[in-house]
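Student: One structure is given below, represented as structure tokens, and several questions about it will come after.
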Amino acid sequence: GEEFLVEVSVTRISTNNERPVVSVVFWRDITQRKRTETALKESEERYKSMFESIPLPVMVFNVKTLGIMDVNEAAVAHYGYTRKEFVGISMDQIVHNEDLPQFRAISSGPETVRFSLGSRHVKKDGSVIHVDMTAHSIRFSGASHRIAVMNDVTAAKKSAEALQFTQFAVDSAAVGIIWIEENGNVLYANDETCRSLGYSRDELLGMTIQEVDPEYVGDAWKETWSSLKKLGAITLETLYRRKDGSIFPIELTGKIMRYDGRGYLCAIVRDITENRKAEQSLRKREEELKIASN
């Protein structure tokens, strides 16, 4: 009772007067072939559906010629070319000229099954983007190809560069900058703070504020932190102790900041030794004038 597919061919046999008298019918079971064809079509449709649904741009290109064979919709939307235009160009027009030698060398290596490469790409409108490319080897139509997924990291790269610039500016500031955790540990110190205290940054980051400020003994830091939480910001004069044991006056202006549920004191520290000397000289001069006036 099982149904199956057949392929039928009919041959007519004629007599001498060329009138057909017999029809010969040949048939063969093509059920398995049709099943294979159907499975292959469904597989191709699944591949195409998955290929198009990938949210990142994907390009398939020939290893030898670098000609682009196929792209997904994300590539069309991101790079500005139509699918027809993409198939008419090569990766030479996508990868930035300065990055082409490295791209060619790594993508054409026959032993390279998979590679990752950071490079610059050029969109149709001429704008340059930074891309992390991951490519795998595939083979079809008797030729070697690469299927490459592109991740645009331009925004992340700009953010990282801005962060690096900010870090450089803070590190190089002419005033001391120090970050202190709630428990008193030194979280960060810039170059000027390290110079004025005579410690390296690595040494300072392993210390507590009690080791830097001789006035914080016992529970003094806890009391200061409690006041800081109420006030939010504070400006005070205190003393700092250098690595060589010498003590000098400083003015600290700080603000409590919270991040990821934790509190930090971010402070600007200024050496006021010269101010103190000037104040002492002024008071001495005032006393001398007072005596002379009397």
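The values are calculated or read from the model by the stated rules, or taken from the named source; none is laboratory data. Just so we're clear, the structure is a prediction, and the values are computed from it rather than from any experiment. Glycine gets a Cβ as well: all are built from the backbone with ideal geometry, and neighbour counts include every protein chain shown. With ligands, DNA and RNA removed, areas are computed over all heavy atoms of the protein, side chains included. Shrake-Rupley method; radii C 1.70, N 1.55, O 1.52, S 1.80 Å.
Student: Going through segment 151-180 one residue at a time, which ones are small (Gly, Ala, Ser) and over 12 Å from residue 191 (Cβ atoms)?
Tutor: Listed by number, the residues that qualify are 155, 156, 159, 160, 162.
Student: Please work out if residue 233 is at pLDDT below 90, closer than 15 Å to residue 183 by Cβ and aliphatic (A, V, I, L, M). Spell out the reasoning first.
Tutor: Details: at pLDDT below 90: yes; closer than 15 Å to residue 183 by Cβ: no; aliphatic (A, V, I, L, M): yes.
So residue 233 fails the test.
Student: Output yes when any residue across segment 173-187 is part of a helix (DSSP H, G or I), open to solvent by 60 Å² or more (accessible area, probe 1.4 Å) and either more than 27 Å from residue 68 (Cα to Cα) or among the hydroxyl-bearing types (Ser, Thr, Tyr) (or both), and no when none is.
Tutor: no
Student: In the list 277, 284, 255, 290, which residue meets the criterion of being within 26 Å of residue 233 (Cβ to Cβ) and of a type in the set (D, E, K, R)?
Tutor: On the way: 277 fails: within 26 Å of residue 233 (Cβ to Cβ); 284 fails: within 26 Å of residue 233 (Cβ to Cβ); 290 fails: within 26 Å of residue 233 (Cβ to Cβ).
Only one candidate passes the filter, namely 255.
Student: For segment 118-145, which positions are out of contact with any Lys or Arg (no Cβ under 8 Å at 6 or more places or on another chain) and at pLDDT below 90? Even if it seems obvious, please write down each step before you answer.
Tutor: We begin by selecting, within segment 118-145, every residue out of contact with any Lys or Arg (no Cβ under 8 Å at 6 or more places or on another chain); these are 118-127, 132-133, 139-142.
Those that are out of contact with any Lys or Arg (no Cβ under 8 Å at 6 or more places or on another chain) and at pLDDT below 90: 139, 140, 141, 142.
Student: Could you list, in sequence order, all residues of segment 47-74 that are within 18 Å of residue 106 (Cα to Cα), of a type in the set (S, T, N, Q) and either in contact with a Lys or Arg (Cβ under 6 Å, 6 or more places away or on another chain) or open to solvent by less than 60 Å² (accessible area, probe 1.4 Å) (or both)?
Tutor: If the condition is that a residue be within 18 Å of residue 106 (Cα to Cα), of a type in the set (S, T, N, Q) and either in contact with a Lys or Arg (Cβ under 6 Å, 6 or more places away or on another chain) or open to solvent by less than 60 Å² (accessible area, probe 1.4 Å) (or both), then 62 is the only one that fits.
Student: Which of the residues that make up segment 90-117 are surrounded by 13 or more Cβ atoms within 10 Å (Cβ to Cβ), modelled with pLDDT under 95 and assigned to a loop (DSSP other than H, G, I, E, B)?
Tutor: Answer for segment 90-117, where residues must be surrounded by 13 or more Cβ atoms within 10 Å (Cβ to Cβ), modelled with pLDDT under 95 and assigned to a loop (DSSP other than H, G, I, E, B): 108, 112.
Student: Only one residue in 66, 100 is out of contact with any Leu (no Cβ under 7 Å at 6 or more places or on another chain) and under 14 Å from residue 135 (Cα atoms). Which one? Spell out the reasoning first.
Tutor: Details: 100 fails: under 14 Å from residue 135 (Cα atoms).
It is 66.
Student: Could you check how many residues of segment 138-156 are crowded, with 16+ Cβ neighbours inside 10 Å and free of Cβ contacts under 8 Å to residues at least 60 places away in the same chain? Give the derivation first.
Tutor: First, the residues of segment 138-156 that are crowded, with 16+ Cβ neighbours inside 10 Å: 145-150, 152.
Now restrict to residues that are free of Cβ contacts under 8 Å to residues at least 60 places away in the same chain: none.
Qualifying residue count for the region: 0.
Student: Is it the case, given these coordinates, that residue 193 is in a helix (DSSP H, G or I) and among the β-branched types (Val, Ile, Thr)?
Tutor: Working: in a helix (DSSP H, G or I): yes; among the β-branched types (Val, Ile, Thr): yes.
When the stated conditions are applied, residue 193 passes them.
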